[in-house]
Amino acid sequence: MASQKMSFRVHHIKSTAAPVLALGLTVLPLGCHKQLQNVESPAGMGGQIRPYTGAMEKDDGQWVRATKDYANTRYSSLDQINTGNVGALKLAWTFDTGVPRGQEAAPIIVNNTMYVVTPWPNKLFALDLTKPGAPLKWSYDPNPSPAAKGEACCDWVNRGAVFADGKIIYNTLDGFTIALDANSGKLLWRTHLADITKGETITMAPMVVHDKVFVGNSGGEYGVRGWVTALNTKDGKVAWQAYSTGPDNEVLIGSRFKPYYATDKGTDLGVKTWPPDAWRIGGGTVWGFLSYDPSSNLIYYGTSNPGPWNPEVRPGDNKWTSGIFARDADTGEAVWFYQMSPHDLYDWDGINENVLLDLPWQGSTRKVLVRADRNGFMYVIDRTSGQVLSATPFVYSTTTTGVDLQTGALKRELSKAPKTGQEIRNICPTAPGAKDWQPSSFSPRTGLLYVPHQNMCADEEAEEANYIQGTPYVGVTDRFYAGPGGNEGELMAWDPINGKKAWTVTDKYPLWSGTVATAGDLVFYGTMEGWFRAANARTGQTLWQFKTGSGIIGQPVTYKGPDGKQYVAILSGIGGWPGSIVAGDLDTRDASTSSGWGGALPDIKSVTAPGGTLYVFALP
Amino acid sequence: MCLRSLSFVLLLITPAIGAAAPLRICADPDNLPFSSRTLRGFDNRIAVLTAHELHRKPAFVWTRNGRGFLRERFNKDACDVLMGAPEKMRGVLTTIPYYRSEYVFVTRSREHLKIASFDDPRLNGRKIGLQALDDNLSPPSLALIRTGHVAQLVGINSSGAHGPDIVRAVADNRLGTAVVWGPLAGYWIAHDHLPLTVTPVSPLADASGVPFAFSISMAVHKRDLKLRDQLNEVLTKLSPTVARILTAYNVPTLAKEAR
């Protein structure tokens, strides 16, 4: 039942195949993709496999937050399961959440207990890992408002809980942050943060630093104003709140704010880079993962796309959307900001995770953050200053021509800018971008970043092609389809020093699950069809796979059980933005269903069904 | 799907009984005042009359509209005729318009506002409701954003059973005003006996060229020139009847566009 013969393609890339684009001035040409398909060189010849020499957080074998460590590496030092024995990996136990919706949460493992959060109705289950089959210890039902379901743009997902200070803390779709006693499940505090009547929801996994828990809102599609809020873990009281748009005092921009690029310098840019008052509904929500650097006491996170979607109604750079904030973890003061996609044209959120690494860079070691952005560029950014060291394309793109490292500007191909009444074909990457929320992992043993992402393009149809009987309207219809190569998804191993792919594995569907890397030189990830896989971290070769009951869009984790054995866990349950076609039973005959996904996933309903089951694996 | 198959069955049978094939009309099952499964919409009535004039049986194919409808349903021959299509809509062949209407400001009658212009200072500080159509706000959003009212905009879902929500929100003081597509506003205000006033938006086009008044036609497949010509004849003949029907539904109409 477990492992089978593999039939999909693994591409290896010659060291000479991908051009070094440290200056990021040109876009990866179409021809480059062809090279991906044709190369036959052995593994390890592409981006180099070389051990990482930077410092890493100590690993206690638990998984206390979605990102594993503050740096967002999602790397586990456990190596019981490794390339030599993973073929024997077997299902150990399962747990049915009873919620057949998109399962994006990372299970949290601490003190021999596993905590699982479901999509709305956001139940939390505590499972006792000390007993056979991990029976239910307790569960908590927050009874969230059913109205929240209507406000969530992209299924009713939740990305998981966090453990700190004896508490399990998580967010509910209807806008609450909840802290429970991790032992008893008793409610300790509950704070209302997001207002669903304004279209705000919360889907993100909170993060705790010191005595504060950080929470951000979702709902960028519905005219909300983005923020991140710090609550005291002790009592749930709001310590500070930093908006992503509006006047400096509300964005917590003050004397410490030193952005690297001129375009981010000035007073109240969160007001001035918008039409009058448009910042009030300008988006910039904070629904991705946060990172934290203890040495500088800075948190890092990305802001979502600006709203409304139609860019013509919001001329200006639309600060501080589609960018990265570095803030003081205690006070929330902004320290720097960089905008990947000023005046976003395509729904390119900047929420993707920032992986904090200390990289050798042109002769010295730089403290950087590495991020695979929706706009198709892999950024290496000095995390102390916000300076972009490199921005290298990792997908086929028709919409941009590079990033100007002198000004930080994203160079756009203006012929692909959406205009009311015009039809624009072959927009690559499309709205979910080159990579969406699905988190990468990094292995210090290989020095490679394992990035699950999309390879997709879109056509935007003119307003006249829209039809609602009796009601003429101006609108944009997106239709997504696979980019060059015909595969909608790809797992790539990225060499951040050389700025190139070491290997790639393609998938018919977008890879909407996260990855985890282990000291056993394995990378675990899932597919929309429901395969849970272990790839060789050095070659991409699939060494083991297991077909779960539903599509996988979640975050794999691995931990050491009370019996001393290594376990790997994943929630299976299709949903999320693309997968809501299955979870919400939408009609794929309408190609623009689920904001354009219908056409890209015409047969997804026939290859997988809704589900909501946790699978846990171990060696026999 | 059920009804679609039914109309297909009718198609197969009709040659045997020697009559013309039924006229398949795509229509929304729940989109009053335009159309409903119980045939209570004015488009249902006009379509039935039109089919009879053509000596064809009307066969409604219940379809949800919105994104991708043309490509995925109409162009795949789900039906012969679309009702309520803007004149000269791309990708299809449209008839002469059977009515012309406009976006209207909806205000509470007791306030005697009669707001008509997006520059009207009385718009300041009011919550302004707009129909949310798929992910977008209706065309007046462009003008309202340009005139600095973006923060006052409230998108209201007006699809299906939510049709009356936007005018009810004005009546209940949840909105200061709303800019609503005329037929929807006119019908629901009359239907619910709401103390509201409608004033056509003026001028009838945005500076960007996006119009606020639209001539509404039927549409056929591009290849169906003959059917289009037949429909044009019928619509000309039925014009007084259509006008009476629209009046009964309290649809604000404009004279045909000057040419």
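Bridgeable lysines around A:Lys411 (alpha carbons under 29 Å apart, same-chain partners fewer than 8 residues away excluded): A:Lys14, A:Lys34, A:Lys258, A:Lys265, A:Lys272, A:Lys319, A:Lys367, A:Lys419, A:Lys435, A:Lys500, A:Lys501. Cβ-to-Cβ counts within 10 Å put A:Asp521, B:Asp224, A:Asp174 in ascending order as B:Asp224, A:Asp521, A:Asp174, the fewest first.
The amide H of A:Ala164, built 1.01 Å from its N in the peptide plane, has A:Ile169 as neighbours under 5 Å, considering only residues 5 or more places off or on other chains.
Taking amide H positions as modeled 1.01 Å from N, with prolines and chain starts lacking one, the residues under 5 Å from B:Phe60 and 5 or more places away or on another chain are B:Ile25. Rounded to 0.05, the FRET efficiency of the B:Thr147 and B:Asn75 pair, given R0 = 41 Å and the Cβ-Cβ distance, is 0.60. Three principal axis extents describe the C-alpha atoms of segment A:256-325; from largest down they are 42, 26, 17 Å.
Listed from fewest to most Cβ neighbours within 10 Å, the set A:Ile424, B:Ile115 follows the order A:Ile424, B:Ile115.
Each label point was placed 7 Å from the Cα along the Cα-to-Cβ direction; for A:Lys605 and B:Arg40 their separation is 2.9 nm. Counting, for every residue in B:31-42, the Cβ atoms of other protein chains within 10 Å of its Cβ and taking the mean gives 1.
Inter-chain Cβ neighbour count for B:146-157, averaged per residue, equals 5 (cutoff 10 Å, partner chain atoms only). A cut-off under 11 angstrom between Cβ atoms defines the neighbours of A:Ala391, and their net charge, with Lys, Arg +1 and Asp, Glu -1, is 0.
Listed values for segment A:597-606 are Karplus-derived 3J(HN,Hα) couplings in whole Hz (6.51 cos²θ - 1.76 cosθ + 1.60, θ = phi - 60°), namely 6, x, x, 7, 10, x, 10, 4, 5, 8, and x replaces Gly and Pro. For chain A, what does the relative contact order come out to in percent, with C-alpha contacts under 8 Å and a separation of six or more? Result for chain A is 17 percent.
Adding -39500 (n - 2.57) for every DSSP H run of four residues or longer, then dividing by how many residues chain A holds, sets the calculated 222 nm ellipticity at -1500 deg cm²/dmol. Close amide H pairs (under 5 Å, H built 1.01 Å from N) link B:Leu153 with B:Ile128, residues at least 5 positions away or on another chain. Counted residue by residue at 0.36 nm each, then reduced by the alpha carbon distance between them, the extension gain from A:Asp79 to A:Arg190 reaches 36.1 nm. Extent of segment B:102-200 along its three principal axes (Cα atoms, max minus min coordinate, largest first): 33, 32, 23 Å.
Ranked for footprinting exposure by Cβ neighbours inside 10 Å, fewest first, B:His55, A:His343, B:His149, B:His162 give B:His55, B:His162, A:His343, B:His149. By the rule of a C-alpha distance below 18 Å, with chain neighbours fewer than 8 residues away ignored, the lysines paired with B:Lys114 are B:Lys127. Phi angles of segment A:239-251 translate, via the Karplus equation with coefficients 6.51, -1.76, 1.60 and θ = phi - 60°, into HN-Hα couplings of 8, 7, 9, 10, 7, 9, 9, x, x, 3, 5, 8, 8 Hz per residue; Gly and Pro are given as x.
Note: relative contact order over chain B, using C-alpha pairs below 8 Å and six or more positions apart, is 26 percent. With a Förster radius of 35 Å applied to the C-beta separation of A:Asp248 and B:Ala207, the computed FRET efficiency comes to 0.60. Put simply, the protein assembly as shown fits an ellipsoid with semi-axes of 49, 30, 27 Å; these come from the alpha carbon gyration tensor as the roots of five times its eigenvalues, largest first.
Sequence-ordered 3J(HN,Hα) estimates for segment A:425-437 from the Karplus curve with 6.51, -1.76 and 1.60 and θ = phi - 60° stand at 9, 6, 8, 10, x, 9, 4, x, x, 5, 8, 9, 6 Hz, glycine and proline given as x. Set the Förster distance to 45 Å, then compute FRET efficiency between A:Asp563 and A:Gln241 from the Cβ-Cβ distance, nearest 0.05. After rounding to 0.05, the efficiency reads 0.55. The label-point distance for B:His162 and A:Asp328, in a model that sets each label 7 Å from Cα toward Cβ, rounds to 4.3 nm. When the charge dipole of segment A:333-492 is built from unit charges on Cβ atoms (+1 for Lys and Arg, -1 for Asp and Glu) and taken about the Cα centre, the candidate among A:Thr384, A:Ile424, A:Ala409 whose Cα reaches farthest toward its positive end is A:Thr384.
Only the coordinates and a few stated rules stand behind these numbers; no lab work does. Source: prediction; values computed, not measured. Every residue, glycine among them, receives a Cβ derived from its backbone with ideal geometry; neighbour counts consider all protein chains shown.
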